[in-house]
């Protein structure tokens, strides 16, 4: 097979090199910075929320007096509602999505499939800048009269219509989600096309690293389901701005009646796949890392890929379990419950394959591996606790309690965050040409692990005890008085976790500037991105590689070239 | 700053000392315990599988670390016995947890939570609930037994019911979505404007309990609470007689705001 | 020059991307149709009490406009690909004109004159906002058509990929309109 896309000259000006860059690697880094920035904001909001729950009526330390001068540093109730709304929105749409999908998707897909760039570099660039506009809109909503959106990240009408939230904040929220949806859809179109048509010669779908599988399936889900949320947001904006009656009902619906529950359906048709949109890249990466650092082929890589595909398909038909308490018809309720339960089959196959991968391996505990093992642990907890919520009768009690909060943080926050950290530590050498400090990384891992389990397990215990969500001051209820100490414990765990993230930030910046120079292949891994120099040069591959074996060729006893792994460009050594 | 850290440390020690695994509130209904039972079953099975995962995760990490096991076992996991093990794991989880809890939950729903009492039966207490920002309104049919008439008993914040009788609630909302949440009955159902949702239970213990709103409904969501007062038969009768009398003489029949109720269908 | 590694040409890639994009757009409109179906099935009477059925005249004329424009697009594309550039100009103008007429011929004036305002309940909400959203996409399509204008210059580079993609989008909008015509106005 001969070669193909042309090698353009590297851009020279600052603007074309770092700002309006068409290079997928630069766009990936832009997304990374953008996501880390919002992760910081979202994390700060989480700390304020936690502080209020543990010490209601006490001033938020250090920042409180600056942010809330009218109340002497105490978070006021309306701001509290805004905080948890924006914490959810920012973490899901502006932190995790940019980091996992935007940054690593952009950075890794072309490198791992042996392409010079994405299929549509300009679309890619636009996708980032439109995302930027969406982030701007969201931040701008904070400075409008009445403040930002305060109806929860789900923004159920009728609370999110004019009767529940007057003011421009909620409208801007909807618009920013709509714009973000457009940006992510553009990204998704790009990813899907790139993976299908830009794979290096010889690379079949099952020769792709599982990371690419995860990102690809994510992109497919994004392209299909983000427009559904877009439609919901658009109708909500019409309700708010033009006075349509889609979601108005009750006393506010003066002229005929709409249906607020319809928004919930539309929202969760998107919302449940969204959970998998966030977790699939992390699954793919973890499946790869476990194999890379156990020096052993990924156990049942094909079945892992197929299990991911199965979950992707199943995720589209189970959304109703978010709405059991709205009293759908018993038939629908039972159907959704049964469908939800079937997800545990592919999930169990994942765990079997992950454990099979490290079984009889030769495990190196580098930081990406530690974080990957962490993902298996927290995702185990998160996945299993999902069973309570998929069951109708226990959901009647647990719905909208902290049990739900703990559960989805385990799956969406803890697993995805740990997966994101693993990816950062793993690809950092390729991105910046330097290694991150291993000792600090390990300190970061253990601190994060202890902190997040303290937080999220504590939350689940609180939820089981009956504490419900989104309370400014839970202790106005008698039955929650006894939960004050546990709430304090959760808050302190959150502070601990927050402090350990500073280690990461320090490590990241310090290593980027002064870290040890990385070799081309510091982890001794055979996928395509490690066949080129670190940091990856402009336009990646001098010659488009020809793929001859799978991505997980480790520990082949017939190898006799002094390495224990094979590059994907090498013919598989047989006995 | 030091002070702040010191106080945090003290708090931390205190919180760890008193952080026992909190148990939920007392069950006061005939069927609330079913939910606890199902929860316990799921927990036991979850612990079993999670311990298996942890044994694998930590055990393999320990056994096959590089210094101990320098030569990895070269396998793709595509051998027949590998596939069989994987499938068995998948099916074992599905059969032992999922199918069982689906069945148990369906039984619970059909036997208890969807099995609404006959509201035409004299013994069933009927209550209409109207949620609004940020208050619960309760309505009893009053002396004539018909809802939305001038003699209806109306009460804010306090829900009084007799012990041992089935109570059926029909719930709607005036403005935004709320959720009627009885922690002690292990039940909640959304209050949705434009729709009527239903809930029932049969209390078996007297006392005062909390009622909460579980769905985010605005700034003062956290203040939207009410009291559930379960009385013994005689106390309830006394309360009911007085309330019905007061409603008859005290209700302003011309105030349209009082007619937020609706008639129940005669099945 | 830019031939792809697995035998995918630029044209394949573009049409693949366009297919994914159209799936996205289709999901957007599918959600709207879902909304419509829910209200339609729920209500005892459609149109609801106090409203008349919308006469078919205006929507039918709109359908004619959009079908004609789709048809001219096919002709335009065929001519362009045959390099018969002499009349492409007329066809492109015709498409743009028909698209413009389509947006002008929407029901909004009629609805407002007959008292079916945006604020008058779900029936009116659906009529107004669905036509807005569709017309908005038609405007997008027209903007995309303007990007095809350079194709009119002679002996320039090949625009057939761009034209065929814009064409797909244009036909897609036509199909959506037909669905709306049948689903909302006819029944």
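The values are calculated or read from the model by the stated rules, or taken from the named source; none is laboratory data. Predicted model, so just to flag it, every value in this text is computed and none were measured. When we count neighbours, we look across all protein chains shown, and the Cβ atoms used for this are built from the backbone with ideal geometry, even at glycine.
Annotations for the structure displayed:
- Counting residues in segment A:268-289 that are under 20 Å from residue B:191 (Cβ atoms) and surrounded by fewer than 24 Cβ atoms within 10 Å (Cβ to Cβ) gives one or more.
One line per residue, one yes/no per condition, for (1) surrounded by 18 or more Cβ atoms within 10 Å (Cβ to Cβ); (2) away from every other protein chain (no Cβ under 14 Å); (3) assigned to a helix (DSSP H, G or I):
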{"residue": "A:463", "(1), (2), (3)": "yes, no, yes"}
{"residue": "A:466", "(1), (2), (3)": "yes, no, no"}
{"residue": "A:479", "(1), (2), (3)": "yes, no, yes"}
{"residue": "A:487", "(1), (2), (3)": "yes, no, yes"}
{"residue": "A:492", "(1), (2), (3)": "yes, no, yes"}
{"residue": "A:502", "(1), (2), (3)": "no, yes, yes"}
{"residue": "A:508", "(1), (2), (3)": "yes, yes, yes"}
{"residue": "A:513", "(1), (2), (3)": "no, yes, yes"}
{"residue": "A:521", "(1), (2), (3)": "yes, yes, no"}
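- Segment B:247-267, residues that are under 22 Å from residue B:135 (Cα atoms) and surrounded by 12 or more Cβ atoms within 10 Å (Cβ to Cβ): B:247, B:251, B:258, B:259, B:260, B:261, B:262
- Unique match (being touching a residue at least 60 places away in the same chain (Cβ under 8 Å) and away from every other protein chain (no Cβ under 12 Å)) among C:15, C:72, C:62: C:62
- Residue match in segment A:20-37 (condition: assigned to a helix (DSSP H, G or I), without any contact (Cβ under 8 Å) to a residue 24 or more places away in the chain and closer than 30 Å to residue B:7 by Cβ): no
- Among the helices (runs of 4 or more DSSP H) confined to segment A:341-439, the ones with at least 1 residues that are within 13 Å of residue A:283 (Cα to Cα) and at the interface with chain B (Cβ under 8 Å from one of its Cβ atoms) are located at A:344-358, A:367-390.
- Hits in segment B:168-197 - residues which are more than 21 Å from residue A:155 (Cβ to Cβ) and more than 7 Å from chain A (Cβ to nearest Cβ): B:168, B:169, B:170, B:171, B:172, B:180, B:182, B:184, B:185, B:196
- So residue A:445, is it modelled with pLDDT under 95 and either in a helix (DSSP H, G or I) or farther than 14 Å from residue A:371 by Cα (or both): no
- Scan of segment A:549-571 for residues that are in contact with a helix residue (DSSP H, G or I) (Cβ under 9 Å, 6 or more places away or on another chain) and part of a loop (DSSP other than H, G, I, E, B), ordered by number: A:549, A:550, A:551, A:552, A:555, A:567, A:568, A:569
Conditions (1) over 30 Å from residue A:161 (Cα atoms); (2) out of contact with any helix residue (DSSP H, G or I) (no Cβ under 9 Å at 6 or more places or on another chain); (3) surrounded by 20 or more Cβ atoms within 10 Å (Cβ to Cβ), marked per residue:
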{"residue": "C:69", "(1), (2), (3)": "yes, no, yes"}
{"residue": "C:122", "(1), (2), (3)": "no, no, yes"}
{"residue": "C:126", "(1), (2), (3)": "no, no, yes"}
{"residue": "C:149", "(1), (2), (3)": "yes, no, no"}
{"residue": "C:164", "(1), (2), (3)": "yes, no, no"}
{"residue": "C:176", "(1), (2), (3)": "no, no, yes"}
{"residue": "C:180", "(1), (2), (3)": "no, no, yes"}
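- Qualifying positions in segment B:138-154 - buried (at least 19 other Cβ atoms within 10 Å of the Cβ) and assigned to a strand (DSSP E or B): B:138, B:139, B:140, B:153
- Any hit, segment A:321-331, residues being under 19 Å from residue B:50 (Cβ atoms) and at the interface with chain B (Cβ under 7 Å from one of its Cβ atoms): no
- Segment B:198-225, subset in a loop (DSSP other than H, G, I, E, B) and facing chain A (nearest Cβ under 7 Å), residue farthest from residue B:123 (Cα to Cα): B:219
- Residues located in segment A:124-177, provided they are without any contact (Cβ under 8 Å) to a residue 12 or more places away in the chain, away from every other protein chain (no Cβ under 14 Å) and not in a helix (DSSP H, G or I): A:143
- Between B:115, B:69, B:106, B:46, the distinction of being under 18 Å from the mean Cα position of the chain (by Cα), surrounded by 16 or more Cβ atoms within 10 Å (Cβ to Cβ) and either more than 8 Å from chain A (Cβ to nearest Cβ) or free of Cβ contacts under 8 Å to residues at least 60 places away in the same chain (or both) belongs to B:106 only.
- A single member of B:63, B:57, B:52 is within 7 Å of another protein chain (Cβ to nearest Cβ), farther than 30 Å from residue A:485 by Cα and either at pLDDT 90 or above or in contact with a strand residue (DSSP E or B) (Cβ under 8 Å, 6 or more places away or on another chain) (or both), and it is B:57.
To keep it simple, each residue is scored yes or no on (1) under 28 Å from residue A:262 (Cβ atoms); (2) assigned to a helix (DSSP H, G or I).
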| site | (1), (2) |
| --- | --- |
| C:59 | yes, yes |
| C:67 | no, yes |
| C:77 | no, yes |
| C:86 | no, no |
| C:95 | no, yes |
| C:124 | yes, yes |
| C:137 | yes, yes |
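- Exclusive hit being closer than 18 Å to residue A:491 by Cβ and surrounded by fewer than 23 Cβ atoms within 10 Å (Cβ to Cβ), set A:71, A:79: A:79
To keep it simple, each residue is scored yes or no on (1) within 14 Å of another protein chain (Cβ to nearest Cβ); (2) surrounded by fewer than 19 Cβ atoms within 10 Å (Cβ to Cβ); (3) out of contact with any helix residue (DSSP H, G or I) (no Cβ under 7 Å at 6 or more places or on another chain); (4) within 17 Å of residue C:173 (Cβ to Cβ).
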| residue | (1), (2), (3), (4) |
| --- | --- |
| C:81 | no, yes, no, no |
| C:86 | no, yes, yes, no |
| C:89 | no, yes, no, no |
| C:116 | yes, no, no, no |
